[in-house]
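Peer 1: First, the structure itself, so that you have it in front of you.
No lab work stands behind these numbers, since they all come straight from the coordinates. None of these values were measured; they are calculated from a predicted model. Every residue, glycine as well, gets a Cβ built from its backbone with ideal geometry; the counts of neighbours run over all protein chains shown.
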Amino acid sequence: MNLADQENAAARARWVKETKIGEGTYANVYRGYDVKTGQKIAIKKIKAGAFKDGIDISAIREIKFLRELSHPNVIALLGTYSKAQSLSLVLEYLDTDLEAVIKDKTLVFKPGDVKSWMAMSLRGLDFCHSRGVLHRDLKPNNLLISSKGELKIADFGLARETGDVDSRMTCQVVTRWYRPPELLWGSRSYSYGIDMWSIGTIFIELVLRKPFLPGDSDMDQLKKIITVLGTPTEEEWPGHKLLPDYVNIGEESRGQRWTPWIMSVGKVGVELIKEMLRYDPLKRISAKSALYHQFFLDDPRPTAPIKLPKPTAELVPRAMAPDETEGKPELKTAGGGVKRKAESPDPFGDVKKVARRLF
Amino acid sequence: MRTAYEATSQRLRWTYSYEELETVRQELSDRAVEQCRRNWDTEASLLASEGSANVKVPKKFPSPEDERLLVTFYAASIRTIIAEGMLNNGRSLPSAIEGVAITFLKRFYLRTSVLEWHPKVIMPVCLFLAGKVCNHVFDIDNYVASFNKIKRDDILGVEYLVLQTLRFDVIVPRIQDALHGWFLKLQDANPSGVNRIEAAYLVAQSHLKRSRLSDAEFIYTPSQIAATCFRMADARLFQTALDKLLPLDAESQGGTESNSGQQSLKPLLARESLLDILQHVQNAIESAPLDASSEMDKVKAADKLVKLAQDPAKNKSSAL
């Protein structure tokens, strides 16, 4: 036993598993508690031997970033331990997620509620970005909500660090409905703007109570973006036609009058959303600037987390999102290695599988 | 409020003072040697009870210095493996892998003795894991084929142990980025001297390579190490940058508090303490070997010592 073995044994004794709350081929999730403090926890146990090349890279990524990131709006990794070729992540237990909140039609959102969720998302995201971390899979399902109403960014299985100039990144990230146009056109060197686009679409989803741009395929996604927002001009987004997978999407669109759909956020709110959905990623507003936007200074004030609407229905175990338990779909790379990409919802497939997670 | 660096796992869990580092290694070595001794004694008495008295109980056990020699040798060999392109398999490797793998190996041996796990076994696992951390997943079959006498299980079976011994901290702040930062800073301070700065940058990179084989990263920040590398490369050039960053004359401070004696002492003190730190970093770097071959004789002797002393419990033919 080296020192680490001893610590590991102590760690295992501290976390008690109770009930299984999710099961899949990639990981099982259990609810449990911390012997030391009594705090409720979620244990995500990554299955052994599920991957040919050893410990799955999504698990490595999740540990890698969560070990470094400590912020009230980012899910806390309380501990990690391994046992007989398996890896367990101990996470803070969170009651629900933003997707479940949006879908619960018995809940009524006030403008201050939407503002509060946006402020918390942006604070968490600004923290990640300031530490050089891109999330690359923001969606309501990954914004978890604690019993006190605090929102926390979770699932760093697709995250990666920026600033590595010599490597091209994959464009197969971000769940389709929240994916920005530069990725759909195959950009391999992108930055914080991709997360901001996702935040913009989530902002609108909070108002509409349904996904803003639910594409059926990657091509359909581009079409939907362009139909609603209009064809980007060279002036708006210089050089976009040079992107690797650029394709001209049919006839020129001047866009729809979409802002009246979301007038409940007010004129200033609409301005902020437009800044988040700028075509040119370099002109897209940053998380930090968004936090200083007039929208957050104007009345109404953001609702206190504890007063935010939460699903009233009793919590019952339900299926986790497929990418949570079965791993991200594999993506073969040229050298024979395996990377993972974001799962996209398939509206014609098994709808039940896209249910929210319990932690 | 902590700075971003102060919140990193490296600063929180992998930074030591000289003395702490020495204590950690001494304790580790003492523990491992004691364990070995105990097992050797048991082995001897077991064999004696079987009527065989022929046990070679080792007289000498490896010291912390022997451990350092071995670990450094295997750290340097990571560089050789990468430089020879043994692992490329048609794809170029992310440049960060080398530094990350070396740091992993060095960190591993702050928590494990070479008597418990030989670095020959751990080194390939560190490199394999470093690949994943740098977004480059090695195909396991190709990977083991690149090494002599290594099987899949030698990697996959030890990967969890290594990850756990690294306390699951896998992000390593990149000193090469800090060096690039100083490269830009020097150009700011010396807009006309680009050629000289570029030449110094190249030399500084070789110092950085050497620093990776030292303890510098356990004690100093990436920015301090990077500054030292530049200073070692071209001291006068570095001085000009320092004059801009920490000016000595009160006027260029724009200060109106010249009446306060303490205030005017500040830049001088700041500069002195900085130069003092940089000198310490330089000493640390210069105590490291230049490459894998430069301490070969000592490494061989240390390895022999480890082999003889190795815990009999790990030997299959042992009575234990």
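Peer 1: About its Cα centre, how strong a charge dipole does the protein assembly as shown have in debye, to the nearest 20, once Lys and Arg get +1 and Asp and Glu get -1 at the Cβ?
Peer 2: Here the protein assembly as shown has a charge dipole of around 1420 debye.
Peer 1: Provide the FRET efficiency to the nearest 0.05 for the residue B:13-residue B:50 pair, computing r from the beta carbons and using R0 = 41 Å.
Peer 2: 0.30
Peer 1: Would you work out the charge dipole size for chain B about its Cα centre, treating the Cβ of every Lys and Arg as +1 and the Cβ of every Asp and Glu as -1, and quote it to the nearest 20 debye?
Peer 2: 700
Peer 1: Anything in chain B that counts as a DSSP H helix reaching 18 Å or more along its axis (C-alpha) with Kyte-Doolittle mean of at least -1.0? List them, would you?
Peer 2: B:18-49, B:64-83, B:119-133, B:152-165, B:175-189, B:194-211, B:261-286, B:296-309
Peer 1: Here is a further query. How about the stretch A:214-311: which trypsin sites (Lys or Arg not before Pro) there lie in a loop by DSSP and see at most 12 other Cβ atoms within 10 Å?
Peer 2: Counting only loop positions with at most 12 other Cβ atoms within 10 Å, the trypsin sites (Lys or Arg not before Pro) in the stretch A:214-311 are A:254, A:257, A:283.
Peer 1: Shifting gears a bit: On average over all directions, what projected area in square nanometres does the stretch A:143-246 have, based on the convex hull of its Cα atoms?
Peer 2: Here the figure is 8.1 nm², rounded to one decimal.
Peer 1: Sticking with this one: Return the average number of partner chain Cβ atoms within 10 angstrom of each residue Cβ along peptide B:126-138.
Peer 2: Per residue, the number of nearby Cβ atoms from other chains is 5 on average.
Peer 1: On to the next question. In chain B, which longest range has no trypsin sites (Lys or Arg not before Pro) that are both DSSP loop (not H, G, I, E or B) and surrounded by at most 15 other Cβ atoms within 10 Å?
Peer 2: No qualifying site falls inside B:152-315, the longest such stretch.
Peer 1: Quick one: give the max-minus-min coordinate of the C-alpha atoms of chain B along each principal axis, largest first, in Å.
Peer 2: The Cα atoms of chain B stretch 88, 50, 39 Å along the principal axes, largest first.
Peer 1: Counting only residues 5 or more places away or on other chains, whose amide H sits under 5 Å from the amide H of residue A:21 once H atoms are built in the peptide plane?
Peer 2: For residue A:21, whose amide H was placed from the backbone, the distant partners under 5 Å are A:29, A:30, A:31.
Peer 1: Once the dipole of the stretch A:96-307 is set up with Lys and Arg at +1 and Asp and Glu at -1 on Cβ about the Cα centre, which of A:259, A:222, A:172 lies farthest towards its positive end?
Peer 2: Farthest towards the positive pole: A:259.
Peer 1: Would you calculate, for chain B, the mean residue ellipticity at 222 nm contributed by helices, counting each DSSP H stretch of 4 or more residues as -39,500 (n - 2.57) and dividing by all residues, to the nearest 500?
Peer 2: -21000 deg cm²/dmol
Peer 1: While we're looking at this one, here's another question. Rg and Dmax in Å for the stretch B:85-176, alpha carbons only: what are they?
Peer 2: 12.6, 37
Peer 1: Have a look at A:151, B:58, A:232 and report the one farthest towards the positive end of the charge dipole of the protein assembly as shown, computed about the Cα centre with Cβ charges (Lys/Arg +1, Asp/Glu -1).
Peer 2: Farthest along the dipole direction, towards plus: A:151.
Peer 1: Based on Cβ point charges of +1 for Lys and Arg and -1 for Asp and Glu, what charge dipole magnitude is obtained for the stretch A:7-76 about its Cα centre, in debye rounded to the nearest 20?
Peer 2: That gives a dipole near 160 debye.
Peer 1: Then there's this: Along the charge dipole of chain B, pointing to its positive end and built from +1/-1 on Cβ of Lys, Arg, Asp and Glu, which listed residue (B:290, B:218, B:33) has its Cα farthest out?
Peer 2: B:33
Peer 1: Over the alpha-carbon set of the protein assembly as shown, divide Rg by the Kirkwood Rh and report the Rg/Rh ratio to two decimals.
Peer 2: 1.01
Peer 1: Please give the contour-minus-distance gain from residue B:243 to residue B:290: 0.36 nm per residue of separation, less the Cα-Cα distance, rounded to one decimal in nm.
Peer 2: Additional length available on full extension: 13.8 nm.
Peer 1: Output needed: percent of Cα pairs per 5 Å distance bin for the stretch A:96-307, bins running from 0 to the one holding the longest distance.
Peer 2: So the P(r) values, bin by bin, are 1, 7, 15, 21, 21, 17, 11, 6, 2, 0.
Peer 1: How much length would be gained if the chain were fully extended between residue B:300 and residue B:184, taking 0.36 nm per residue of separation minus their Cα-Cα distance, in nm to one decimal?
Peer 2: Fully extending the segment from residue B:300 to residue B:184 adds 37.5 nm.
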